[in-house]
Amino acid sequence: MLPPETALWNFVESAVRDVFRAYNFQEIRTPIFEATELFARGVGEDTDIVSKEMFTFPLRPTRPELVDEIFEMSEMKPDLFTPGGEFVSSEDKMEFEKRKRSESISLRPEATASVCRAYIEHGMHTLPGNVKLYYMGPMFRRERPQKGRYRQFYQIGAEVLSHTGDLKDDARVDAEVIEMLTTFFEKAGLEGTALYLNSIGCKECRPKYVELLRAALTKVKDKLGPDSQRRIETNPLRVLDSKLESEQAIIEKLPRIAEHLCPDCLEEYTEVKKQLAMRGISYAQNFRLVRGLDYYMRTTFEITAPGLGSQNAVCGGGRYDGLVELLGGPPTKGIGFAIGTDRVILSLQDMRKLPVERALDVYVAWMGEKNYPAAVKIARRLREAGLAVELPPGEMKFGKALGLADKLGARYALIIGDDEVASGQFTVKRLEDGEQKKLGERELVAYLKAGEAP
Ligand code: HAM
């Protein structure tokens, strides 16, 4: 990322800070890498993110203890391995995989698991009120790079963790989080976004729905592509994600989870929609929105933006009650989202929404080695006054210096030569129209400040 694009990043990030602050969120910074185990348990071992996309490193390059351990295991329980060195039982293999993971670290593929880990580690459940945190920074996934999809990408995310409140309160928190998001997108100037909403139920109703879906899919198996056929067994929900043209009509006719929610989930979903309507936030329900991470339950949502091609999701999120508990903490509810910052930037660029980079205010054209100290002094004085000043390290001929000032986009050139130093009156030239003035130091600062861009 190079300037001037970085100015756009700064603009987006400062909009985030303003808006999130207004909703009383505070920043958390989590490590770039964590124990692999955290993501395996938090995000889910069978998700694409954990099973295929993490950048994982052994903590010790040669892991001698582990080798010893395997050796010991095989000595003590020779029937653990086949003659070919394979594990006999899948439990032993799982136990081994678990130990291997506890010995390794991974670059964070997302930050929700880390936030929950920190919540537990720092006893944040004892804090007053709901814990409202936001973060921004790089995440890492081993994906095939393309426009809007990178192996190092950036997220802006927020999480609300709470240990009190009923279903109605939860729905209000969900709606407020979504309101904050829409406010941010507005402030950032992102137009044409669409909000998609779904409820994916809970531990009670989802498994029943999944069975129903599996049965419905089995009936139409022959009409599905090989990926979806496989997923009937492994993860039928993923079939809903399919982009395959030939499967679209079939998917439209499949049972929808919103029609199979348990009373609690239905109550919350209904309330979330009511809350969004009350806040004047428009959305479309999308029964195919299942999200690719294991921790979600009930409310899930995604936001798309134009100008991004196939990778058009700029934000994804949802509710994850129980994740903190799964990671060893107290019963806690959670809801959050992450915005793909790279995609927001791409979409803004596509709309030609480029912030005006703050111009260079003053170029100090100094002449004569002995006048350099005076140039240093005045440059410092102007910088203290908040002006952006370029002081060239080497002496230049007058014409060349003015040419460079122009190329750098400076608004003023300050000329410092023998006469100026002797008289204490500086010559300042407005480059736009060539207007020239002679001013003492104090008037000079006032003059330059007055002409500053807003
Ligand atoms: P996610 O849907 O995996 O959710 O990612 C959120 C957003 O990050 C996506 O909508 C997309 O904009 C962006 N993103 C993901 N992968 C890439 C990539 N390879 N390149 C560029 N952008 C990408 C999560 O990560 C959850 N932790 C969100 C959440 C927070 N749910 C609850 N709390």
Between 18, 46, which is touching a residue at least 24 places away in the same chain (Cβ under 8 Å), open to solvent by 50 Å² or more (accessible area, probe 1.4 Å) and assigned to a helix (DSSP H, G or I)? 18
Pull out all pairs, ordered by first then second residue, where Cβ-Cβ is under 9 Å, the residues are six or more apart or on different chains, the first lies in segment 325-344 and is free of Cβ contacts under 8 Å to residues at least 24 places away in the same chain and within 13 Å of residue 297 (Cβ to Cβ), and the second is part of a loop (DSSP other than H, G, I, E, B) and away from the ligand (no atom under 12 Å from the Cβ). 325/331; 325/332
Residue by residue through segment 237-256, note down the ones that are loosely packed, with under 13 Cβ neighbours inside 10 Å and of a type in the set (A, V, I, L, M). 249
From (1) under 30 Å from residue 185 (Cβ atoms); (2) at pLDDT 90 or above, pick out the condition that doesn't hold for residue 48. (2)
Could you look through segment 392-434, keep only residues that are open to solvent by 30 Å² or more (accessible area, probe 1.4 Å), among the acidic types (Asp, Glu) and within 15 Å of residue 367 (Cβ to Cβ), and pick out the one that is nearest to the chain's Cα centre (by Cα)? 395
For segment 338-373, which residues satisfy the criterion of being within 16 Å of the ligand (Cβ to nearest atom) and in a helix (DSSP H, G or I)? 341, 342, 343, 344, 345, 346, 347, 348, 349, 350
Across segment 193-212, the tally of residues that are of a type in the set (Lys, Arg) and surrounded by fewer than 17 Cβ atoms within 10 Å (Cβ to Cβ) stands at 2
Hits in segment 280-307 - residues which are surrounded by fewer than 21 Cβ atoms within 10 Å (Cβ to Cβ), among the β-branched types (Val, Ile, Thr) and either within 19 Å of the chain's Cα centre (by Cα) or more than 21 Å from residue 265 (Cβ to Cβ) (or both): 304
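Each row is one residue, and each column tells you yes or no for (1) near the ligand (Cβ under 9 Å from one of its atoms); (2) touching a Pro at 6+ places or on another chain (Cβ under 8 Å); (3) open to solvent by 10 Å² or more (accessible area, probe 1.4 Å).
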position: 148; (1), (2), (3): yes, no, no
position: 157; (1), (2), (3): yes, no, no
position: 164; (1), (2), (3): no, no, yes
position: 167; (1), (2), (3): no, no, yes
position: 172; (1), (2), (3): no, no, yes
position: 175; (1), (2), (3): no, no, no
position: 179; (1), (2), (3): no, no, yes
position: 191; (1), (2), (3): no, yes, yes
Taking the condition of being farther than 17 Å from residue 174 by Cβ, surrounded by 15 or more Cβ atoms within 10 Å (Cβ to Cβ) and among the charged types (D, E, K, R), how many residues in segment 257-279 meet it? 0
In segment 296-337, residue nearest to the ligand (Cβ to nearest atom) [restricted to those that are closer than 23 Å to residue 27 by Cα and assigned to a helix (DSSP H, G or I)]: 323
Tally of residues being open to solvent by 80 Å² or more (accessible area, probe 1.4 Å), of a type outside the set (Lys, Arg) and farther than 12 Å from residue 160 by Cβ across segment 21-30: 1
What number of residues within segment 181-212 satisfy the criterion of being in contact with a His (Cβ under 6 Å, 6 or more places away or on another chain) and under 27 Å from residue 312 (Cα atoms)? 0
Residues 20, 25, 39: which one is under 21 Å from residue 137 (Cα atoms) and touching a Leu at 6+ places or on another chain (Cβ under 9 Å)? 25
In segment 121-137, which residues are open to solvent by less than 50 Å² (accessible area, probe 1.4 Å) and either more than 11 Å from residue 163 (Cβ to Cβ) or near the ligand (Cβ under 10 Å from one of its atoms) (or both)? 123, 132, 133, 134, 135, 136, 137
Does residue 389 qualify as being without any contact (Cβ under 8 Å) to a residue 24 or more places away in the chain, hydrophobic (A, V, I, L, M, F, W, C) and open to solvent by less than 80 Å² (accessible area, probe 1.4 Å)? no
Test for residue 175: is it among the aliphatic types (A, V, I, L, M) and closer than 28 Å to residue 122 by Cα: yes
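The values are calculated or read from the model by the stated rules, or taken from the named source; none is laboratory data. It should be emphasised that the depicted structure is a prediction, and the values quoted were computed from it without experimental measurement. Cβ sites come from the backbone with ideal geometry, for glycine too, and all protein chains shown count toward neighbours. Accessible surface is based on the protein model in full, side chains and every heavy atom, while ligands, DNA and RNA are left aside. Shrake-Rupley method; radii C 1.70, N 1.55, O 1.52, S 1.80 Å.
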